[in-house]
Amino acid sequence: MRRGQSRLILLIEDNVEEEKLALKALKRAGISAKIQVAKDGDGALTFLRHQNRAVLPDLVFISSHLCRDGATDAIRQIRGHQITSRVPIIILSSSGHTLETERCRKAGADGFITRADEIDKYLDELGIAALFWTTANVRDEELT
Amino acid sequence: MPNAIILLVEDNATDEKLTLRALRNGQVPAEVFVARDGKEAIDFLFGDGGEKAPTVPDLILLDIKLPKVNGLEVLEQIRKNKDTESTPVVMLTSSDDMYDIATSYRLGANSYIRKTEDFDQFMEHVRLAGLYWIVVNRTP
């Protein structure tokens, strides 16, 4: 855990219902990190550009369908910037491995969570991912 | 994922016991193999040139301060090998040395977990690591 620094999750999602679902999962998991929601890739980049170096995200969730609409640029820019190059980027997919998921991966996303099967499983997995990256993982402090 | 394999590379018997307990109690669905020094880990992963065949685990939990070959050297070999270049590696160590953290990431570690003296926190962090990398993480 980064000493004396706050934790942050960036959720890039334009669908209100999907956003509610993700926030429900994070609340259910007892996440204490701050959660910032951006509606698209441009919104995410604007947010990141204005962030203090010490409060950059520990984890980025991005909706897979946004990769159809240009959010891949946001992923590439997050990956291309020294400070955020290693931030885990997880795709949230409503239907598993799709063309959009593949586009996100090619742009530099690390993995994906799908809610194609059971909603409870999806909420649990999203919560585990958020807990792991915001409580257990130690980031490279040289970069923050 | 009942056939998942975790390689735990740990030379401290107490830490080994606690880690195995955390994975078991956390219901992480994986078989765990233990290597007690860096050379054992390398032999497990790449074969020893004799009877031991190479094994590619689904997750490697890797301590840094290890006898014979240290964890950072093991990590370097893991990333150089085509079969293990993308295997998730989580450093699980008591070191909070900035050099160890930075070097681990530079050499390709996916994550870094500091062993804390807080028993409950240690158990929770190992549980989360096991569940995240074995159950949740899917590479597209």
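A few points about this structure:
- Peptide B:129-137 has a mean of 6 when you count, residue by residue, the C-beta atoms of other protein chains within 10 Å of its C-beta.
- GluC sites (Glu not before Pro) within the range B:1-56: DSSP coil, no more than 13 neighbouring Cβ in 10 Å: B:51
- Neighbour-count order for A:28, B:114, fewest beta carbons within 10 angstrom listed first: A:28, B:114
- Ranked packing of A:44-50, B:117-123, A:6-12, most packed first, by mean Cβ within 10 Å: A:6-12, A:44-50, B:117-123
- All distinct Cα pairs of the protein assembly as shown go into the 1/r average, and the inverse of that average, the Kirkwood radius, is 19.3 Å.
- Exercise: per-residue mean of other protein chain Cβ atoms within 10 Å, A:126-133: 5
- Within the shell of other residues whose beta carbon sits under 12 angstrom from the beta carbon of residue B:79, the net charge comes to -1, with Lys and Arg scored +1 and Asp and Glu -1.
- When only the Cβ of Lys, Arg, Asp and Glu is charged (+1, +1, -1, -1), the dipole of the range B:49-106 relative to its Cα centre reaches about 180 debye.
- In the elastic network of chain A, a GNM with C-alpha springs shorter than 10 Å, the most mobile of A:74, A:29, A:130 is A:29.
- Nitroxide proxy distance, nm - points 7 Å out along Cα→Cβ at residue B:68 and residue B:116: 3.3 nm
- Cβ-based charge dipole, the protein assembly as shown, positive-most Cα from A:132, B:91, B:30: A:132
- Kirkwood hydrodynamic radius over Cα pairs of chain B, then Stokes diffusion coefficient at 20 °C and 1.002 mPa s, in µm²/s: 143 µm²/s
- Charge tally around residue A:24: other residues with Cβ under 15 Å, Lys/Arg +1 each, Asp/Glu -1 each, net -3.
- In this rough spin-label picture, where each label sits 7 Å from Cα along the Cβ direction, the residue A:32-residue A:73 distance is 3.9 nm.
- The range A:24-74-the range B:71-114 distance, computed between alpha-carbon centres (Å): 26 Å
- Local electrostatic count at residue B:36 - Lys and Arg +1, Asp and Glu -1, tallied over other residues with Cβ under 14 Å: -4
Bear in mind that the values in this text are calculations on the coordinates, not laboratory data. Keep in mind the model is a prediction, meaning the values are calculated, not measured. In this analysis, Cβ positions are derived from the backbone assuming ideal geometry, glycine residues included, and neighbour counts consider all displayed protein chains.
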